[in-house]
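Heads up: the structure comes next, in C-alpha cells.
The values are calculated or read from the model by the stated rules, or taken from the named source; none is laboratory data. Here the structure is a predicted model, which means the values were calculated and not measured. Note: ideal-geometry Cβ built from the backbone for every residue, glycine included; neighbour counts use all protein chains shown. Protein only, heavy atoms only, side chains kept; ligands, DNA and RNA dropped before computing areas. Shrake-Rupley method; radii C 1.70, N 1.55, O 1.52, S 1.80 Å.
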Amino acid sequence: MVSTQKKADKTYKVIGTRPVRPDGLDKVTGRAKYGADIQLPGMLFGRVLRSPHAHAIIKKIDTSKALALPGVKSVITHKDLPTAADIALDLGETTSNMKWLCDKVLAAEKALFHGHAIAAVAAVDPHIAEDALALIDVEYEILEPVLSVHTAMDKKTPNIHPNMKTVDMIARFQAGEPSKVQINNVASILDLELGDLDAGFKEADIIIEREFETGTYHQGYIESHNGTAQWNENDEVTVWLSTQGHFNARDVLSKLLQVPMSKVKVIPMEIGGGFGGKIPMYMEPLAAIMSKQTGKPVKMHMQRDEVLLATGPTSATYIKVKVGAKNDGTIVAADAYLAYESGAYPGSPVGAGAASMFLPYNIANLRAHCLDVIVNKPHTAAYRAPGTPAAAFAIESIIDELAEKLEIDPITIRMHNAAEEGTRTSDGRLAPASLAVKELLEEAQATEHWNAELSDPSIGRGIAIGAWGNAGLESNAYASINSDGTINLNTGSVDIGGQRASLAMQLAETLGVDYDSIKPQVSDTDSIGYTAVTGGSRTTFASGIAVVEVGNKLKEQIIDRVATFWEIDASQVHYGDDGTLNGPEDKSIKFSGIGKILSRTGGTIQASATVKPNTQVATFGCHIVDVKVDEETGKVDILRSTALQDVGKAIHPAYVEGQIQGGILQGIGMALYEEYYYDDKGILKNASLLDYRMPTSYDVPFTETTLIEKPNPGHPFGVKGVGEVPIVPPLAAVANAIYNAVGVRPNILPVNPRRLSVLLKEKNKK
Amino acid sequence: MQDVSYYRPSSIKEAIKILSEHGPTAKVLAGGTDVIVQARERTKKITAFVDIKKIPDVMGLGIEGHRGLTIGAATPMYQIYNHSGVQEEYPAIIDSANIIGGKAIQGRASLGGNLCNGSPAADTIPTLIVLEGTANIIGPNGERKIAIEDFCTGPGKTLLQHDEILISLHFKRPAPFSGSRFIRFIPRNEMDIAVVNVASQIQMDGNKIESSRVAIGACAPTPLLLKEISNFIQGKELSQDLLENAAELFNNLITPIEDMRGSPEHRVDLAKTLFKRTMNDAVIRSNGEKVQ
C-alpha cells in the first residue's frame, strides 16, 4: 500500500497534517444526530404511495378508506400542494423548476416513472401509515413507457410532456429560447464548437468513430433520505433534514409551500453521504403540508427501495464520438454526439459531461452536440462530476484505441495532446488556470505500478485520465474568540467529507493556533448567511477562502486590542506564525492569553466573511488499473488500482486520499457492477442493494494514491476541489485494461460477466 | 413492516401448538435473514414469528461415527464452517456455508432456513442434495423424513406443512475415495445471489468414476438433481474430454430464465463451466487433497 504526496514548497504547521475530525468521536460512537434520530412530542410518521407503473394517466385517487383507518391523521395528493409557479431556481449544480418539482414530489396528471409519488399518509405509527397506503384506491390508464433515448426521440413516440418544447441551452445550466429544431422528448439542445471540424478531419491520417452506452447509476449513499417538519400555527415552518445544502432547501420549500423565506428554518442534521444526490428534495414538502394539516410534527424516512426507485440517479447515456489524428498522434478533430436520459423531467448533466470530456486535451477543432432527453425513469440528480464519467469513458476508450493503432504508448499520446496554459476549451474559453495534465501524466509514467511486469496473460492493464471543474458559489463563515482563547467557527457548509476538519485547519493555520482550539460547527439557516451546497468540489475551496478571511479579520482586531492593552501603536505589534504577539521591550503574549486581554479591552471579538470566488480551476485525475479476466465466465477481478490527482494543496491528506479512493471505487462500480435493470414495462427490478450491485471490499483492492500539489492561485493555500474528479477515469481505465487482457473493447457499461461473455464469444467466433 | 406477534417456545411440542393455532401466517423464525425481510417488505403476509432458537433439538451439530452428520436446522452457518469434522469430511457444506450472504448474515443464517425458504438459487441446497441429505420433520402427526432432493416444489414452495418444523438435516458418512465441491457464480465476490450454482459429488475407483451426483441451482423453479449427467459419466474413465461431453448435456437439461441476474445463454455456459470445475475439485478432494 502506497501513499505518495508530491509536496508543494511552502510548509505549514497545521495544513498537511492528519488530525482526527471534530465530529469523529460522535460518529463512531453513534451519538451524532442524524435525521432519523429526531423525536418530537406528538410526532406523526409519513409514508408515500408510489406508482406501480412507469407511465400512466392518474384517472382517480380515492383516499377515503385510508383516511378512515384509525391512527391515520392526514392523506394528501397533488391537489394539496400550493399552486406551483413556473419559476426556475438556481440550485448550483442542478437547475430546478418549481412546476416540475411540484409534479415530482406528488404526481399531478400522470405517473411518469415506476416509484413516482402519488399520495402521502401521516399516521401515529409507521406501520399504520403503511397499512393506509394499501387502502388508497388509484385508477390508472396505463401508457406505453418510453425507456431509451432512441425510443424517446423517435418521431412516432409522443411527448411524455405534451406541451414541452425543445429549448436551446445558453450555457451549461441555463435554458434559453425554444430551438429551431424540435425533437420529440428532447428538453434541450446544447452545441459546443471550436475551430473548423471539417478542416480538422481533412488533416487526419486516421479516424476512429465508436458508439458507447452507460447505465443508470445511483450514488449509493448509506443514509436514506429523511426529513421532519413542524408547521406552527403562526405559519413558521421548521424542517430537520439530511441535505447537502440547507439554504437551497429553505429557498425551495419557501417557494413550494408559498411561505415567506423568513418563516422557513432548515436545520441540517448530520449527513450519511450525498455525492450530489442529496441536493434535491422529495418528502420534506409533504411532511410540511401534513404537519400543517394536523398541527403535529411529521417525520418521513425513505426505505432503501424507495431511494433506488424514486430519488435521482445519474443519466444513462448514449454517446458517439469520432476522433481524427495524425500519424504522430496529434488529435486534429473530435466530434461528439451525446444523448443523456434526464428521467421524467428536464435537467441531465449532458452539457457538463460534454464540456469536461475534452478538457484534458488541446484539440483545435471540436464539436459536442448535447441532447437532454425525457424518459419514463426517475428524474436524474447530480452524481459526483455529473455527466462526466460516461463522457470520459467514450473519449478515453478512443484515445486508447488510437494509441494502439498508431503504436504509441498510451501515456505518450495523452502527453502529446495534453492541454496547457492557453489551450482553448470546447466552448471557446481559455483553459482554467494552473492546469496540471502534463504533471499528472509525468507522475503516472513514473509510478511503480505502470512499470511493473504483468504476471499472467489473462491480466491486463489500463489507464485513463479525466477532468472536472470546481464550482465557486457563495459561502459564509463566522468566528468568535472565547475567553479561554479557543475559537468558535460557524459555517453554512454541511459536513459530508470532513469539512469541519478542513475548515478548522485553515482557520488554525491562519491564526497560528492549534487545530484543537477551533470548534467548528454547521449552522442552520437562521444562524448564518446564505451558503451554497456542499457539492461541486467547492467547500474546502470556497468556504475555506471565507474561513481564511475571517481569520485575517480576527488577526487585525487582535492586534488592535493588544496594542490598546500595551498602550502602543498597532504597527508596533507583531503577530507571529505561532500565534504569539510581540511588541517593544520584550512584550509578548501567547494566543491562549488573548482572552483575558479581550475582556479588559471591550469584550469578545468576532468576524464574518462572505465570499463568492470567481477564479475557477479544473482538477485532473488519472487511474491505472490491473484486471484479471476469467474468459470462461466473463468475470473481471480488479487486482491493483493506483490513482493520481492534482489537488492544489491537500489540507488534510488522509481525507483527500479517502475522497480519491471512494471516487475510484464508485467508478469501478459503474464500469463493472452497477446498473438499474428495467423490464420492458419500465418496472425497476433491482431496487435493492442485493441486486443493485455496488462493489464491496472483496471486489476492489486498496487504491494507492499520489497527490500532486500544483497550487490554485485563487485560494490562499492553493486548494483545489478534490472530491469529484476521481470518479471520472476508472470507467475507461477498466475498459482499457480489459482490452489489454483479452482483446475486446467493452462499449457498453457496466461490462458485467453477461455482457463480457457475449463479447468474448464474438471474438472467439472470428 | 407489519405488526407481528413474537413467540419463543422452549419445546418442539409447544412450537407446533402455536403454529397450529395461528395458521399459515405464523412463520418459524431461525436466523430470520429471509423471513424478517419478507415481513418488513410485505412480500409475505406474516402475523407471528415462532422463534425456535431456544429449542435445543434444532441447535448444534455433531458427527456420530458411522452414523454420519446431523445438523440442527437453526444452527448458524458460522458454527458449521468452524466445525473441524465438517471441514474434514463434508467440505462442500463448508463451500456453501462460507458464502451465504456476508459475514454478518452467517452469524445468524441457518441450513434449515435456507432450505425452508425454498429459493431456486439457494446456496446450500445443491450441496445438501448431492450429499444425499435427509430432512427430519416433526408435525402434529409425528415425525417424517424427506430426501432433500424432493423437499422443494417451486420457488418459495416446499413439502413442509405450515404447522410442521424442520428439526435437523442428516448426512450419511461419505464413502471412501469420494469428494464433493460447491461453486457459486456471482458477478461480485460477496453479498450476492447466485447467477448459477453447482454442487458435485464423486466417488472414484482408481481413475474410473464409480458414482456421482450433480445438482444445480438458479436454472429451474427448484434446485435440480441432474441424474442424466451422473448416468452419462458413471463407470467411465475420468478425462477432461468426458467432462466436456457431459457438460454439453446441459444444453438440453436446463432452460434457465432471463432476469436481472443473468441471461439463459450465459447461465447455460456458466453451468457447464461450474460443472467441470466442481467435478475436477471433487476429484482432487476424493484423493484427500485440498482445493484452491
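Laid out as a table, the results:
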read-out: Rounded Å value of the spacing that divides the Cα centres of the stretch A:213-281 and the stretch B:61-92; value: 52
read-out: Gyration tensor (alpha-carbon) shape descriptor, the stretch B:5-50, a/c threshold 1.5; value: oblate
read-out: Shape of chain B, Cα gyration tensor, a/c cut at 1.5; value: prolate
read-out: Chain A - mean residue ellipticity at 222 nm from DSSP helices (-39,500 (n - 2.57) per run, n ≥ 4, rounded to 500); value: -7500 deg cm²/dmol
read-out: GNM result for chain B, Cα springs below 10 Å: residue of B:ALA39, B:ALA109, B:ALA194 fluctuating most strongly; value: B:ALA39
read-out: Estimated 222 nm signal from helices in chain B, with DSSP H stretches of n ≥ 4 weighted -39500 (n - 2.57), rounded to 500; value: -9000 deg cm²/dmol
read-out: Pair-distance profile P(r), taking every C-alpha pair of the stretch B:215-292, with 5 angstrom steps and integer %; value: 3, 14, 25, 24, 17, 11, 5, 1
read-out: Chain A: DSSP helices with Cα axial extent of at least 27 Å and average Kyte-Doolittle hydropathy no lower than -1.0; value: A:544-566
read-out: Cβ-defined net charge surrounding B:ILE100, 13 Å radius [Lys, Arg +1; Asp, Glu -1]; value: -2
read-out: Hydrodynamic radius of the stretch B:57-171 per Kirkwood, over alpha carbon pairs, in Å; value: 14.0
read-out: Approximate spin-label separation A:VAL28-A:ILE683, in nm, with each point projected 7 Å along Cα-to-Cβ; value: 4.6
read-out: Folded to 0 to 90 degrees: helix B:264-286 orientation relative to chain B principal axis, Cα; value: 80
read-out: Local electrostatic count at B:ASP259 - Lys and Arg +1, Asp and Glu -1, tallied over other residues with Cβ under 10 Å; value: 0
read-out: Summed side-chain charge close to A:ALA316 - residues other than A:ALA316 whose Cβ falls under 12 Å, Lys, Arg +1, Asp, Glu -1; value: -3
read-out: Förster radius 25 Å - calculated FRET efficiency between B:SER20 and B:LYS227 (Cβ-Cβ, nearest 0.05); value: 0.10
read-out: Positive-pole candidate from A:TYR217, A:ILE668, A:ILE463, dipole of the protein assembly as shown, charges at beta carbon; value: A:TYR217
read-out: Cβ-based charge dipole, chain A, positive-most Cα from A:GLY273, A:GLY621, A:MET302; value: A:MET302
read-out: The protein assembly as shown pair-distance distribution - Cα-Cα, 20 Å bins, rounded %; value: 12, 37, 36, 14, 1, 0
read-out: Where a label projected 7 Å from the Cα of B:LYS157 along Cα→Cβ would reach, residues of the stretch B:210-240 with amide N under 15 Å; value: B:220-223
read-out: Charge dipole (the protein assembly as shown, unit charges on Cβ, about Cα centre) - positive-most of A:VAL138, B:SER11, B:ALA220; value: B:SER11
read-out: Approximate spin-label separation A:LYS596-A:LYS612, in nm, with each point projected 7 Å along Cα-to-Cβ; value: 4.5
read-out: The stretch B:123-165 shape via C-alpha gyration tensor axes, a/c threshold 1.5; value: oblate
read-out: Accessible area (Å², per residue) of chain A, counting only protein heavy atoms and a probe of 1.4 Å; value: 37
read-out: Magnitude of the charge dipole, the protein assembly as shown, Cβ model with Lys/Arg +1 and Asp/Glu -1, debye to 20; value: 1860
read-out: Where B:HIS66, A:HIS301 fall by accessible area, highest first, once all protein chains stay in place (1.4 Å); value: B:HIS66, A:HIS301
read-out: Under 18 Å, Cα to Cα: Lys pairs in the stretch B:5-50, sequence gap 8 or more or different chains; value: 4
